[in-house]
Amino acid sequence: MARKSPRSRRKPEPPPRLPGKIRPRATPGRGRKRAQPRPGARKPGHAPKGARPGAKSARLRAVARRKRPPRRRFAPPDPARVQAIVELLARLHPDATTALHHRDPLQLLVATILSAQCTDERVNMVTPGLFARYSDAAAFARAPLGELEEMIRSTGFFHMKALAIQSCCSDLVAKHGGQVPRTLEELTALRGVGRKTANVVLGNAYGVPGVVVDTHVQRLARRLGLTDESDPVKIEFALMPIIPRERWTAFSHWLILHGREVCNARKPRCSACALAPHCPRVGVTASQ
Ligand code: SF4
């Protein structure tokens, strides 16, 4: 028998594969099996258009909501306890008033704007020079912004504060003849004036009661269990019905002083606090 030549024994060359084309299986239908869905299971579908990747479906969110324990209702404080706190604070701080130096409502308005995120002592160092240079609302409105910023630079956030003083004084000149109005609505309508600033001016310059919620009042109102709110405006509205109206302004001063002297943010001095018998110390984890 004639021997085949090595060339004739060589396997035939496979046809050239196009790039990206999948090689066909040797035996169609006998490849790796896919996991079969359980009977009754939901077919995996596409996420709704616009859904975030990994976002929970509405059904899962509803289940999670059902499992979450309901938010505990805040019980209004006992009026007798609130009265005891008010009386004690009145006795502890009989002369409490604003620490911001001023001679008229406009000066108080400007000083209050400057006191945001700044100590009253620092503001009192800046205002004598400022009030000597700008004597009325028209002068503040006309002041070159750069010059105003330089004068108040040490109080921090000076770009924003200079703009607030200038815009507010322009509004005073345009709408109120350069005078500071006497109502909360008119004051809060001025550019750069919020409820806190308006209540400071009304309470201290015009004797109109108002609850001023600064960082100390915010902290103490919660610790004393007077409210569970954390938003300043909600705290103001929570305190108004439980504190006698004629004491709104004084109550704010008392809490501010008490917060500075005794109930400080990091470690309140509960062992030396006269309010301790009436204070649930909500959220206090460390004290002296
Ligand atoms: S008892 Fe403590 S937490 Fe309560 S007001 Fe006094 S210092 Fe603050």
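Laboratory data are not the source of any read-out in this text; all were calculated from the coordinates shown. Remember, it's a predicted structure, so these values are computed and weren't measured experimentally. Using ideal geometry, Cβ is built from the backbone for each residue, glycine included, and neighbour counts are taken over all protein chains shown.
Assign one of three labels to segment 105-205, namely rounded, prolate or oblate, based on the Cα gyration tensor with a ≥ b ≥ c the square roots of its eigenvalues; rounded applies when a/c is under 1.5, prolate when it is not and a/b is larger than b/c, and oblate otherwise. Here segment 105-205 falls in the oblate category. Computed over neighbours whose Cβ is under 13 Å from that of V217, the net charge equals +3, Lys and Arg +1, Asp and Glu -1.
How big is the charge dipole of segment 105-205 about its Cα centre, in debye rounded to the nearest 20, if each Lys and Arg gets +1 on its Cβ and each Asp and Glu gets -1 on its Cβ? Please report the intermediate quantities before stating the final value.
On the way: 10 positive and 9 negative charges, 24 e Å.
Dipole size: approximately 120 debye.
Centre-to-centre, using Cα atoms only, segment 202-279 and segment 107-169 are separated by 27 Å.
Taking other residues whose beta carbon is less than 15 angstrom from the beta carbon of G146, and scoring Lys, Arg as +1 and Asp, Glu as -1, yields +1.
In terms of distances greater than 29 angstrom between alpha carbons, the cross-link table entries K234/K267; K196/K267; K67/K196 yield K67/K196.
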